[in-house]
Amino acid sequence: MKLAFLTSLILIMLAPAVHAQSLDPLIAGAKNEGKLVIYASAAAQQLQMYLAAFSKRYPFIKTEYFRTDKQKLVTRVLLEEQAKQRLADVIHTSVIETHILKKRGALSRHVPAESASYPSQYKDPEGFWTSVYASGTLMGYNTRQVKRVEAPKTYDDLLNPKWRNVMGIDNTKIEWFAMLSKLKGRVYMEKLAAQNAQVMAGNTNLLNLLAAGEFAIMPGVYEYSVDNMKAKGAPVDWIGLEPVITYTVAASLPSQPAHPFAAKLFIEWLLSKEGQEVINQYGRAPIRDDIDSKYGKLLKQHKLLIADVDLSKREVEVNEMIRKLFR
């Protein structure tokens, strides 16, 4: 018994050293390459935080990023793939878009060492991507117009006639629309559309209108965005309608990255405790359990419905539904 305990203790103590040694070839290769290009749909400030921390750790790598929305990112990667003018070293976007790129042959298989401890639902079973953080879509409301006890508590509550004409919806959240329609069905989505919500593109735009009192509730809002506005004094709060529709953002390797060692090193760092702490500081919910994450804890308090990768097969259908019902 004592021998087994001592063996386990030694292995635990040696693990960081073993992992550090496994990074040595990546570090050596990245030094020769000296550059890293990231294609991402995350916010510019978030990417800047990543690269500032990564550059502090590995100052010999010159970093740059290209940022656009998820759909445009997929289009750009596929066009570059077709033209054989591949510029990205790392692709960092939602799992749904990542899966589309995988199906189109625009990614290469890469299993980071850091992903070994990640739960299976946050990794591609074929080794093409690993989720970096999660984000829940909740229901925001204006606290001056709606008392918490009177706010919707379920998705069915959104259909109550009292919420007609006083709801805002962001029609770019394809994961939310797709998973809600999968959960509740087409008839439900038609009834939701009949509530005559103010529909427009842009999470921030709609949140500003919610805070200004242009409408009373806003389903499908991100938890961190409501809390950011609330911290600045805006009269907003949120409730988690269950199951909380959650999407994840992954890191993956393009089919032929120009700087593969730097790319793999960055992915290892992003999945490491240090990288996940940066994600946590920005206000996202990291996947690792050893991070003291406010939003990670909040999501764990709710039953989740994680947006499935097969949504990529239904993207045209879902976009058509949004176009017809929520324009």
Expressed in nm to one decimal, what extension gain is obtained for the pair Ala116 and Lys300 from 0.36 nm per residue of sequence separation less their Cα-Cα distance? 64.1 nm
I'd like the carbon and sulfur percentage of the solvent accessible area for the chain, probe radius 1.4 Å, heavy atoms only, ligands and nucleic acids excluded. 54
Residues of the stretch 41-105: accessible area per residue with a 1.4 Å probe, Å²: 50
Using only the alpha carbons of the stretch 141-204, what is the convex hull's orientation-averaged projected area in square nanometres? 4.6
Report, by chain and number, residues whose modeled amide H sits under 5 Å from the one on Tyr222, excluding near sequence neighbours (fewer than 5 apart, same chain). Leu138
In what order, largest first, do Arg314, Arg164 sit by accessible area if the probe radius is 1.4 Å? Arg164, Arg314
Between their Cα atoms, which of Lys173/Lys273; Lys70/Lys324; Lys31/Lys56; Lys123/Lys273; Lys147/Lys173 are more than 23 Å away from each other? Lys173/Lys273; Lys147/Lys173
So, taking all protein chains as they sit and a 1.4 Å probe, how much accessible area belongs to Leu159, in Å² rounded to tens? 40
At R0 = 25 Å, FRET efficiency that the Cβ-Cβ distance of Ser22 and Lys62 yields, to 0.05: 0.55
Could you list the residues of the stretch 166-201 with an amide nitrogen less than 19 Å from a label point located 7 Å from the Cα of Asn319 in the Cα-to-C-beta direction? 170-182, 200-201
Residues of the stretch 181-326: accessible area per residue with a 1.4 Å probe, Å²: 42
List the residues, sorted by chain then number, that are 5 or more residues from Ile306 or on another chain and whose placed amide H is less than 5 Å from its amide H. Thr246
Lys35: accessible area at probe 1.4 Å, nearest 10 Å²? 70
Can you list the aspartates and glutamates whose alpha carbon is less than 16 Å from that of Lys191, not counting same-chain residues fewer than 8 positions off? Asp156, Asp157
FRET efficiency, 1/(1 + (r/R0)^6) with R0 35 Å, evaluated for Val199 and Gln281 via beta carbons: 0.60
For the stretch 167-266 the trypsin sites (Lys or Arg not before Pro) that pass both the DSSP coil test and the at-most-15 other-Cβ-within-10 Å test are Lys232
Near Ala193, within a Cβ-to-Cβ distance under 10 Å, what is the net charge of the other residues, with Lys and Arg +1 and Asp and Glu -1? +2
Using 31 Å as the Cα-Cα cut-off, could you pick out the over-long pairs in Lys103/Lys232; Lys35/Lys230; Lys62/Lys230; Lys153/Lys294? Lys103/Lys232; Lys35/Lys230; Lys62/Lys230
Among residues other than Leu26 whose Cβ falls under 13 Å from its Cβ, what is the net charge (Lys/Arg +1, Asp/Glu -1)? -2
Ranking by accessible area, most exposed first, for Thr143, Thr137 with a 1.4 Å probe: Thr143, Thr137
With N residues in the stretch 184-301, Rg(alpha-carbon) / (2.2 N^0.38 Å) equals 1.35
Averaged over every viewing direction, what's the projected area of the C-alpha convex hull for the stretch 213-267? Give it in nm², one decimal, please. 6.8
Would you check the accessible area of Asp292, probe 1.4 Å, heavy atoms only, in square angstrom rounded to 10? 110
Antiparallel DSSP beta bridges within the chain, percent to nearest 5: 60
Given the chain, longest segment not containing exposed loop GluC sites (Glu not before Pro) (DSSP; at most 16 other Cβ within 10 Å): 1-125
Using the Cα atoms of the chain, I'd like the radius of gyration and the largest Cα-Cα distance, Dmax, both in angstrom. 21.3, 69
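The values are calculated or read from the model by the stated rules, or taken from the named source; none is laboratory data. Predicted, not measured: the structure shown is a model, and the values here were computed from it. In this analysis, Cβ positions are derived from the backbone assuming ideal geometry, glycine residues included, and neighbour counts consider all displayed protein chains. These area figures cover heavy atoms from the full protein model, side chains too; ligands, DNA and RNA do not enter into them. Shrake-Rupley method; radii C 1.70, N 1.55, O 1.52, S 1.80 Å.
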